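Structure record follows, encoded as structure tokens.
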Amino acid sequence: MHDYRQREPLITLAGAGVRSGGRVLVEGVDLSISRGEIVTLIGPNGSGKSTTAKMVTGVLRPSMGTVTRKPGLTIGYVPQKLAIDWTLPLTVERLMTLTGRFSSAEIGEALEAVGAAHLRKAAVQELSGGEFQRVLFARAMIRKPDLLVLDEPVQGVDFSGEVALYQLIRQIRDKTQAGILMISHDLHVVMAETDTVICLNGHVCCRGTPNAVKTSPEYLRLFGDRAGSALAIYEHHHDHEHHEDGCVVGAHGEHEHSHGHQHQHGEHGHVR
Amino acid sequence: MFGDFFSRALVAGVGLAAVTGPLGCFVVWRRMAYFGDTMAHSALLGVALSILLSVNVTLGVFAVAALVAGALLLLQKQNTLSTDALLGILSHSSLAVGLVIVGFLTQVRIDLMGFLFGDILAVSVEDIAIIYGGGIAILAILVLNWRPLLAATVSPELAEAEGLRPEVSRIILMLLMASVIAIAMKLVGVLLITSLLIIPAATARRLSATPEMMAAVAAVLGGLSVVGGLFGSRTWDTASGPSIVVMALALFLLSLVVPTARLFGRSDHYGT
């Protein structure tokens, strides 16, 4: 269906890793993302998902291996959490031009595309979690990025909002053919349209299509050893079924802490 | 119009307020109030060292304030003491060391009260030239770097992922603050400088919908505080620097009564 495999990759990580303060955050990451391709990173807390995403965006330099970007690569970034203090007056319209200059028509179009045109004049502090997330998508997309990096895009959004956001991600991919790197907030849920799931645990422990990873012994050994916590593939036609499969909330809350990995404190730094 | 001391004070104060308003917005947005205070307190050390080494006082104050800011950045990276403890140490020790050195400078008469609380009525035409020259330069740097500065304030991570350099923005803001402190010290004194940065900006918040508007409103409110404070001090024969601050406070309290903000109460995490 998508011919991205023949295309030149937008970004390639080869054996990439980051060492910080004598500790290896993540190592040996190989991944490449082409136009129209969706790559999803899953793994427990502290497994190196955010670190890997930061190597992709260029916020972190790899201390091992290489990161190769297509020259002139434009990245759109949807951060995991963006708490905008009340002291900073910011309308949705103004947020759209945060990192670049765009015309009023471009702003309207970008907001229209995520179904948030009516929020244009609203203050960002007034938005609900789902609305704010949509606006952040629009903000990232207005740059017409080649590569969209989404850090836990549905975290903190209610279930119906989650369904809608996955649908939006799909639409964005289909319409713009941007490459998408997504960090999943849930070990057990990936979008069905994901082309490659990369399962991290300080290193790449398994990878492949969602269906391949679901049945891979490495995945099951590391993350699937709790009752009912198999990988759920998030298909929009069967939302409820998969919700029940995937969100084994009680099981995985405990699960994430059960491997004895160190947590990366300061991963999501404070703004002073 | 520069004939009498009162109009010189008005011209100088309004010029200073035009700079402290917009810059103060960043201080409020980035929660740098205590940081600003620390830099301001170090100004006295700057004065003492300048006299000791016979260099220009404005330059000396700028250099020491910038050094203290740099020292804080380095100490923060050590990850030992919390930032507010570090600020407390730097703030009070630089003030104390400054006072001690002043005590040794017996051969020159130093108007300590003038440095601590300012003497806006003693402003000379030359001082006005420094305020306007420096002020225009500071505003120009602020305007030229406005977008990256604001993006780095909203989210350093997002700014960096999209190709901006938030670390540079941070350094620019520190240097601008050091410059403002150097030119403002003579007018309002080291103990009251931060009030001109923070109070007009805080007042402007409730009257503004965008960051740019808040910066402009803060400049105007700062100007009103200077004019109101100076006329008040002439009428009631009160100290001029503190009168300006009291006027700024009155405007702030007035703004709390204005029933503008439906956003009020959505402020999340204050403190630290």
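Summary of values
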| item | result |
| --- | --- |
| Whole-Hz ³J(HN,Hα) from phi, Karplus 6.51 cos²θ - 1.76 cosθ + 1.60, for the range B:118-130, glycine and proline x | x, 9, 5, 6, 9, 5, 9, 4, 5, 4, 4, 4, 5 |
| Percentage relative contact order, the range B:119-272, counting C-alpha pairs under 8 Å, at least six apart | 21 |
| Apportionment of accessible area to carbon and sulfur, the range B:159-250, percent (1.4 Å) | 71 |
| Loop-located chymotrypsin sites (Phe, Trp or Tyr not before Pro) in the range A:109-201, at most 16 other Cβ atoms within 10 Å (DSSP) | none |
| Relative contact order for the range A:88-148, counting Cα pairs under 8 Å that sit 6 or more residues apart, in percent | 44 |
| Residues of the range A:82-98 buried by at least 40 Å² on assembly (accessible area, 1.4 Å probe, chain alone as reference) | A:82, A:85, A:86, A:87, A:88, A:89, A:94, A:98 |
| Buried solvent-accessible surface, both chains (A, B), 1.4 Å probe, Å² to nearest 100 | 3300 |
| Contact order normalised by residue count of the range B:54-169, Cα under 8 Å, 6+ apart, percent | 11 |
| Residues of type lysines that residue A:121 reaches as a straight line, Cα spacing below 27 Å, ignoring anything fewer than 8 places off in the same chain | A:81, A:144, A:175 |
| At 1.567 mPa s and 4 °C, Stokes D of the protein assembly as shown from Kirkwood alpha-carbon radius, µm² per second | 50 |
| Mean shadow area of the range A:1-133 over all directions, Cα convex hull, nm² | 11.0 |
| Sequence-distant residues sharing a close amide H with residue A:41 (under 5 Å, placed H) | A:182, A:183, A:184, A:198 |
| Hz values of 3J(HN,Hα) by residue in the range B:101-116 - Karplus curve (6.51, -1.76, 1.60), Gly and Pro given as x | 4, 4, x, 6, 7, 6, 6, 10, 8, 10, 7, 4, 4, x, 6, 6 |
| Spatial extent of chain B: Rg and Dmax, with the Cα atoms as the point set, Å | 18.4, 59 |
| Gain upon complete extension [residue B:71, residue B:210; 0.36 nm per residue less C-alpha separation] | 46.7 nm |
| Calculated FRET efficiency for the pair residue B:54/residue B:136, C-beta based, R₀ 30 Å, to 0.05 | 0.60 |
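The values are calculated or read from the model by the stated rules, or taken from the named source; none is laboratory data. In this text the structure is predicted, and so the values were computed from the model without any measurement. For neighbour counting, all protein chains shown are included, and Cβ atoms are generated from backbone atoms with ideal geometry for every residue, glycine included. To get the accessible areas, we keep the full protein, side chains included, count just its heavy atoms, and leave off ligands, DNA and RNA. Shrake-Rupley method; radii C 1.70, N 1.55, O 1.52, S 1.80 Å.
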